[in-house]
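The values are calculated or read from the model by the stated rules, or taken from the named source; none is laboratory data. If you're wondering where the values come from, they're calculated on a predicted model, not measured in any experiment. FYI the Cβ positions are ideal-geometry reconstructions off the backbone, even for glycines, and counts take in every protein chain you see.
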Amino acid sequence: MSADAISLTELETDALTEIVNIGVSRAASNLRKMVGAHVLLSIPAIEVVSQRRAARLISEREITQLVAIRQDFDGPFSGRALLIFPESNSLELVRAVTGGDLSPQEVLDIEEDTLAETGNVILNSCLATMANMLQRSLTMTIPEVLRGDGAKLFDVWEGSNSDGLVLFLYIDFAVRERDIRGYIAMLMDLPSLTALKTLLGEFIERIVGDDG
Amino acid sequence: MAEPPPVDPTAERLRAVLAAAGASGTWDWDIRGGRLYFDERFAELYGLNPADGHTGVRTGIFFSAIHSEDRARMKIAVAGIVGGAERFSKEFRVQSPDGTVRWMHGRGQGHLDEHDEPLRFTGLLIDVTERKRTEERLRIAQSAGGVGTFEYVDGFATATVSTEFCKLLGLHPTHALPVRTINGVVCDGHPPIIPDAEQHGVSGIEPLHGEFRILRRDDGSERWVARRGEIVRESETNGYRFIGVLYDVTAAKVAEARLQELNDTLEARVREEVVERQQAENALRQAQKMEAVGQLTGGIAHDFNNLLTIIIGNIDTVSRRLGAGGDPRARRSLENAQKGAERAASLTQRLLAFSRLQPLEPKPTDVARLLAGMSDLLTRSISEAISIQVRTPPDLWGIEVDPHQLENAILNLAVNARDAMPRGGALTIRADNITIKAAPSLPSYVVPGAYVEVAVTDTGIGMAPDTMAKVFDPFFTTKEVGKGTGLGLSMVYGFVKQSGGHVEIRSELGAGTTICIFLPRLAAGSEHTAEEPAITAELGRRSETILVVEDDDDVRVYTVEILQELGYRVIEAADGEAALRALNSGDTAIHLLLTDVVMPGMSGSELADRARVLRPGLKVLFTSGYTRDAIMRDGRLEPGLDLLPKPFTYVSLAAKVRALLDR
């Protein structure tokens, strides 16, 4: 199974980007309420790549260790969602979210919890919006914080033959004048991605209608 | 933003500002009310009534002027905003009523109420047609030219790159890459593509052009890329930007390397060529030397044979005159003189053989039979400490050679082999069929074709290379003074060359020697062996007249004496002119013309030709000590010609003359 086996059309990619954009807007709104400051989130691009490629891709772009918040989802399409930051950005995010009045030690102390909470808000919003917009429902597990390199996060190791597909989304954060970049990755197997593709087709049909 | 009426001065001012900023129109989409409001510029762009902008139109109008190819995409984007997304930033084409198509960048915002429900969607359109065209040109320039661009701002960990840039390095296409990732593709030992400013500063980048060997990230292939660029200094921050391009130069590098390699090996190839040439020159020099020595010895042999003919002839005559009752001491002296002269004659024969001037009488020859016939001779010549083995295959091809000379050559080689094995050993004589194919490595003196190879191998002391180079030189010998003439191998060489073959020698000090002679195969069908007629001294008759032509007086006198003694009637002439006069005189029948070949003025063969015009059917016998080319073709007697080699004896002259007359 490879990324070539299935790919999203341009319109499907656009549609999925917009859906996640809605979810990210919801997340930003939720974060605003949570931290009491202006939060801007945006999704600039989306790609479907193989698990291996995702690992390689992120290692090309991020040279530090990574930190990720992981949640599994189940429904008409199921898989695993990851919100990934370069580790150097993670404390920055914690500071941005908590207001920046904390001592370095305090930031460290609450880092894990804050990351889990922030990740939960963002991933939940995205997945819930996807379910909502595609008129289906999804269940999700509780968030979990992981650290490691691309290979570890994407479960890629030498000799592994499971090479699933990854929906790769770049996400830009702006909180309290701080710019933080991150990635949302959704690992799905081929049947799930096929199901998602069908649902996206229905969504496009509803929006664009018959006037092309 | 363009709000529904009333129009106030603030809104007018805002519109002016937006127009100056390049905005081509603004809109306000009331999501709950389902109405779209817009300003005058938007109306102008869309071909709408500006007044309707204030009262609002149905929201579907928003898509009416959007290019059909972009419409679906924009509907999805707007659906996102209507669904609750906040950011809108899209580029799309708008087709004005006059048909012109402009690229627009729509930047907008989704407004939510306190329950996060979408309320309004506002935004403005900016004409980006020019930028789009520039981008298009840049994109085509990059992809068509295989040129990737990058921009690195001093102090940043990432560089802005183009899609083509990523492709060149085998990286996943993106707009920004960590400098470390970019430099990570460079092979060890090469400088980084984008030097670390912290470490090197601007000077670390210079020279701005460079070539880098890289391993592409995706397929691991090794490529060469070239970097060219410029440094742009930021006056206010004292920093700089490094803007440049990258392109693949692998093909040029490979060609360069190939050229370099050619250049590097040039010397070796020239050296090789020179060695080859030297070898060829040495071979040529050797051949020329042999030729010169051959001509010299041939010339000497000619005079020598004439002298020997006189000596032998006169001893012969005295012996016969002396009769059986003569002084025994005088007789012994004469016999010794005769033996000495015969030895001198055989030496002259060898000189001629080497100089390839001896007349050969080639006959179809069966080498196997010839070798079998030699076994007795070989056993007698070779000591018992040496085992002799002769091997011939049953299907050995026939050859056309002078069998006596071949026998001589093989015996010569066998004797040399014997002398190389003073403490005994094994002598092998082997004959084989060999086909030599044309090949560039073939020495020039070897003609491709079918040969019978006769190899004489010993297990003796062998030869050093410098000895091997000289073995065919006449008078070269490794034997003690008096034991060898130094003419053996050179005779073999001359004979084989004259017979259209060649000789090979393989030897190593202490490991024996093999000498192979290659003789051309006889064309099929002409293989028959003629028996030698027996030589007997037969007398002549007075009725038989012989015209003797010889420029050497002593030889002529001797010849005439013998013939008269044999009972023939003899007419003598000192040169061709005199002979022709005799033939012309209408004298009685002349039965045989006996003429020397080499004479001043008219040669023997010329005389024979002219004599036959006068007297058709005239029998001709040539005598010569040195026939050169006068009556020979390719070293062989022309068919139908008869030759009596000098020095001849009473018996050999008698037999040859008789045989000819009786034919």
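For segment B:175-187, the set of residues classified as within 7 Å of chain A (Cβ to nearest Cβ) and either touching a strand residue (DSSP E or B) at 6+ places or on another chain (Cβ under 7 Å) or not β-branched (Val, Ile, Thr) (or both) consists of B:Leu177, B:Pro178, B:Arg180, listed by residue number. The residue that is nearest to the other protein chains (Cβ to nearest Cβ), among those in segment B:130-172 that are surrounded by fewer than 18 Cβ atoms within 10 Å (Cβ to Cβ) and at pLDDT below 85, is B:Ala157. Quick one: count up the residues across segment B:96-137 that are acidic (Asp, Glu) and touching a Gly at 6+ places or on another chain (Cβ under 7 Å). Residues that pass the stated criteria total 2.
Inside segment B:436-463, can you point out the residues that are part of a loop (DSSP other than H, G, I, E, B), over 21 Å from B:Glu281 (Cα atoms) and of a type in the set (A, V, I, L, M, F, W, C)?
B:Ala438, B:Ile461, B:Met463
For segment A:51-144, which helices (runs of 4 or more DSSP H) that fit wholly inside it have 3 or more residues that are within 14 Å of chain B (Cβ to nearest Cβ) and modelled with pLDDT of 80 or more?
Of the helices (runs of 4 or more DSSP H) lying wholly inside segment A:51-144, those with at least 3 residues that are within 14 Å of chain B (Cβ to nearest Cβ) and modelled with pLDDT of 80 or more span A:51-61, A:104-133.
Taken over segment A:21-44, the criterion of being more than 9 Å from chain B (Cβ to nearest Cβ) and either among the aliphatic types (A, V, I, L, M) or under 23 Å from A:Glu202 (Cα atoms) (or both) is satisfied by A:Ala27, A:Leu31, A:Met34, A:Val35, A:Ala37, A:Val39. Pairs linking a residue in segment B:594-618 that is free of Cβ contacts under 8 Å to residues at least 24 places away in the same chain to a residue that is among the polar types (S, T, N, Q) and surrounded by 15 or more Cβ atoms within 10 Å (Cβ to Cβ), with Cβ atoms under 9 Å and 6 or more positions apart or on different chains, are B:Ala608/B:Thr595. In segment B:68-80, of all residues being crowded, with 17+ Cβ neighbours inside 10 Å and more than 8 Å from chain A (Cβ to nearest Cβ), the one that is farthest from A:Gly23 (Cα to Cα) corresponds to B:Asp70.
Determine whether B:Ile126 is in contact (Cβ under 8 Å) with a residue 40 or more places away in the chain, touching a strand residue (DSSP E or B) at 6+ places or on another chain (Cβ under 6 Å) and closer than 24 Å to A:Leu200 by Cβ. Give the derivation first.
Working: in contact (Cβ under 8 Å) with a residue 40 or more places away in the chain: yes; touching a strand residue (DSSP E or B) at 6+ places or on another chain (Cβ under 6 Å): yes; closer than 24 Å to A:Leu200 by Cβ: no.
In short, no.
The set of residues in segment A:29-50 being assigned to a helix (DSSP H, G or I) and surrounded by fewer than 24 Cβ atoms within 10 Å (Cβ to Cβ) consists of A:Ser29, A:Asn30, A:Arg32, A:Lys33, A:Met34, A:Val35.
Every residue in segment B:81-97 that is over 18 Å from A:Lys33 (Cβ atoms) and either touching a residue at least 40 places away in the same chain (Cβ under 8 Å) or within 14 Å of chain A (Cβ to nearest Cβ) (or both), please.
Step one: list which residues in segment B:81-97 are over 18 Å from A:Lys33 (Cβ atoms), which gives B:81-83, B:87-97.
Within segment B:81-97, B:Ile81, B:Val82, B:Gly83, B:Arg87, B:Phe88, B:Ser89, B:Lys90, B:Glu91, B:Phe92, B:Val94, B:Ser96, B:Pro97 meet the criteria.
Number of residues in segment B:405-421 that are within 39 Å of the chain's Cα centre (by Cα) and not in a helix (DSSP H, G or I): the value is 0.
Scanning segment B:384-410 for residues that are closer than 21 Å to B:Arg423 by Cα and in contact with a helix residue (DSSP H, G or I) (Cβ under 7 Å, 6 or more places away or on another chain) returns B:Ile386, B:Ile388, B:Val390.
Note on segment B:325-351: residues that are part of a helix (DSSP H, G or I), small (Gly, Ala, Ser) and either in the same structural domain as B:Phe648 (by TED's automatic domain parsing) or without any contact (Cβ under 8 Å) to a residue 24 or more places away in the chain (or both) amount to 4.
For B:Leu522, the conditions (1) among the hydrophobic types (A, V, I, L, M, F, W, C); (2) at pLDDT below 85; (3) over 30 Å from B:Trp397 (Cα atoms) are fulfilled apart from (3).
Considering only residues in segment B:43-64 that are within 14 Å of chain A (Cβ to nearest Cβ) and surrounded by 13 or more Cβ atoms within 10 Å (Cβ to Cβ), the one that is farthest from B:Asp30 (Cα to Cα) turns out to be B:Ser64.
The criterion of at least 2 residues that are in contact with a helix residue (DSSP H, G or I) (Cβ under 8 Å, 6 or more places away or on another chain) and of a type in the set (Ser, Thr, Tyr) is met by the following strands (runs of 3 or more DSSP E) wholly inside segment B:20-127: B:23-30.
Based on what the data block shows, is B:Ala353 surrounded by 19 or more Cβ atoms within 10 Å (Cβ to Cβ), under 30 Å from B:Ile300 (Cβ atoms) and at pLDDT 85 or above? Outline the logic, then answer.
Values: surrounded by 19 or more Cβ atoms within 10 Å (Cβ to Cβ): yes; under 30 Å from B:Ile300 (Cβ atoms): yes; at pLDDT 85 or above: no.
When the stated conditions are applied, B:Ala353 does not pass them.
Of the residues A:Thr139, A:Thr118, only one is surrounded by 17 or more Cβ atoms within 10 Å (Cβ to Cβ), within 23 Å of B:Asp116 (Cβ to Cβ) and hydroxyl-bearing (Ser, Thr, Tyr); which? Full working, then the answer.
Working: A:Thr139 fails: surrounded by 17 or more Cβ atoms within 10 Å (Cβ to Cβ).
Of the residues listed, the single one that is surrounded by 17 or more Cβ atoms within 10 Å (Cβ to Cβ), within 23 Å of B:Asp116 (Cβ to Cβ) and hydroxyl-bearing (Ser, Thr, Tyr) is A:Thr118.
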